[in-house]
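Working notes, beginning with the structure itself.
The values are calculated or read from the model by the stated rules, or taken from the named source; none is laboratory data. These numbers come from a predicted model, not from an experiment. Every residue, glycine as well, gets a Cβ built from its backbone with ideal geometry; the counts of neighbours run over all protein chains shown. Side chains are part of the model used for accessible areas, which takes the heavy atoms of the whole protein and leaves out ligands, DNA and RNA. Shrake-Rupley method; radii C 1.70, N 1.55, O 1.52, S 1.80 Å.
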Amino acid sequence: MPQAFQPSHAHPTSDAGDLIAVTCAGTRPNPYRFIHKALRVMLCQALLATGRLDADDAGERQRVVDEVERLLGCCADHLAHENHFLLTPLRERAPRAALAFQHDHAEHLESIDALRLLLQRLRDATDDAPALAQQLHLRLSVFVADNLPHMVEEESTQTQALWDHFSDAELAALLGALHASLSPAETATCVLWMARGLNTRELVQMLSELRQGAPAPVFAELAALVQQTVDAPRWATVARALGLPPVPGLMTC
Ligand SMILES: [Fe+2]
């Protein structure tokens, strides 16, 4: 967690000056909101999977190890995107505002490396598999616990810093460059986990923005992914808002 400022997630006595309240009520672009909701689902789901893991079952052990490895890969990629597309531009205009987050990111990379070593030990485990699985559950708990307040600080303190130093058009350009840098597979992964984490209104916003920026066939594939992920009533609401066919299998746009 950033050490250079008072945590904005401490309980305030009023909304005045409280950056969580201010940024949650704000209407300006929040570069973190959607992807952080996706990451919270990934983090919590992987943590639960390590807790339930029957480590003597080699197949289940491999499945959970792979799930945690995918989580760590997403966290490392996300961190690199934040560094390149948000923190570096912010540092050029307000060096002190980026400092604590750079420090956090360096610590997170160390944690990711340590967890990957533990995953390898669990892959190679024999009789020690249950003990290593429990160790993974505890160390992943610490990693999740570090990431949750970090993301809150980014969605409040750092978002306010970005609002202070960048116009909406400049923020849109930064996010546009980030999204353009993603491979089709990375975009699909982000959309899949956002579909699991966003509320209905946010799903409509995400798909609207995708429709504006992506070729029609690409948008159709991503919309179908959302359709397959959310439940039917939710998709019906989203489809109605976007003017898309609500029945599975009829996605032709
Ligand atoms: Fe971050």
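Being open to solvent by 60 Å² or more (accessible area, probe 1.4 Å), closer than 13 Å to GLU155 by Cα and charged (D, E, K, R): is that true of ARG52 here? Spell out how you get there, then give the answer.
On the way: open to solvent by 60 Å² or more (accessible area, probe 1.4 Å): yes; closer than 13 Å to GLU155 by Cα: no; charged (D, E, K, R): yes.
Criteria not met by ARG52.
Condition first: within 13 Å of the ligand (Cβ to nearest atom) and either hydrophobic (A, V, I, L, M, F, W, C) or within 20 Å of the chain's Cα centre (by Cα) (or both). Can you find one or more residues in segment 129-142 that meet it? Steps first, answer last, please.
Taking segment 129-142 first, the residues within 13 Å of the ligand (Cβ to nearest atom) are none.
No.
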Of the residues in segment 174-199, those that are open to solvent by 40 Å² or more (accessible area, probe 1.4 Å) and either part of a loop (DSSP other than H, G, I, E, B) or touching a Lys or Arg at 6+ places or on another chain (Cβ under 8 Å) (or both) come to SER183, ASN199
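Where in segment 28-140 are there helices (runs of 4 or more DSSP H), lying wholly inside it, with at least 3 residues that are touching a residue at least 60 places away in the same chain (Cβ under 8 Å) and among the hydrophobic types (A, V, I, L, M, F, W, C)?
On the way: elements: 33-52, 58-82, 88-93, 95-123.
Of the helices (runs of 4 or more DSSP H) lying wholly inside segment 28-140, those with at least 3 residues that are touching a residue at least 60 places away in the same chain (Cβ under 8 Å) and among the hydrophobic types (A, V, I, L, M, F, W, C) span 33-52, 58-82, 95-123.
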When segment 149-166 is checked residue by residue, the ones that are away from the ligand (no atom under 12 Å from the Cβ) and open to solvent by 10 Å² or more (accessible area, probe 1.4 Å) are GLN160, ALA161, TRP163, ASP164, HIS165, PHE166
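Could you tell me whether segment 176-188 includes any residue that is β-branched (Val, Ile, Thr), out of contact with any Cys (no Cβ under 9 Å at 6 or more places or on another chain), modelled with pLDDT of 95 or more and within 16 Å of the ligand (Cβ to nearest atom)? So that I can check it myself, show each step before the final result.
First, the residues of segment 176-188 that are β-branched (Val, Ile, Thr): 187.
The next check asks that each one be out of contact with any Cys (no Cβ under 9 Å at 6 or more places or on another chain); those that pass are 187.
From what's left, modelled with pLDDT of 95 or more: 187.
Imposing the further condition that a residue be within 16 Å of the ligand (Cβ to nearest atom) reduces the set to none.
The answer is no, given that none of the residues of segment 176-188 is β-branched (Val, Ile, Thr), out of contact with any Cys (no Cβ under 9 Å at 6 or more places or on another chain), modelled with pLDDT of 95 or more and within 16 Å of the ligand (Cβ to nearest atom).
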Note on segment 76-98: residues away from the ligand (no atom under 13 Å from the Cβ) and either touching a Ser or Thr at 6+ places or on another chain (Cβ under 6 Å) or open to solvent by 50 Å² or more (accessible area, probe 1.4 Å) (or both) are ARG91, GLU92, ARG93, PRO95, ARG96
Original post:
Looking at ALA46, is it within 16 Å of the ligand (Cβ to nearest atom), of a type in the set (Gly, Ala, Ser), farther than 20 Å from GLN160 by Cβ and at pLDDT 95 or above?
Top reply: no
Residues of segment 14-32 being closer than 18 Å to GLN205 by Cβ, open to solvent by less than 70 Å² (accessible area, probe 1.4 Å) and either touching an Asp or Glu at 6+ places or on another chain (Cβ under 8 Å) or within 16 Å of the ligand (Cβ to nearest atom) (or both), in sequence order, are THR23, PRO29, ASN30, PRO31, TYR32
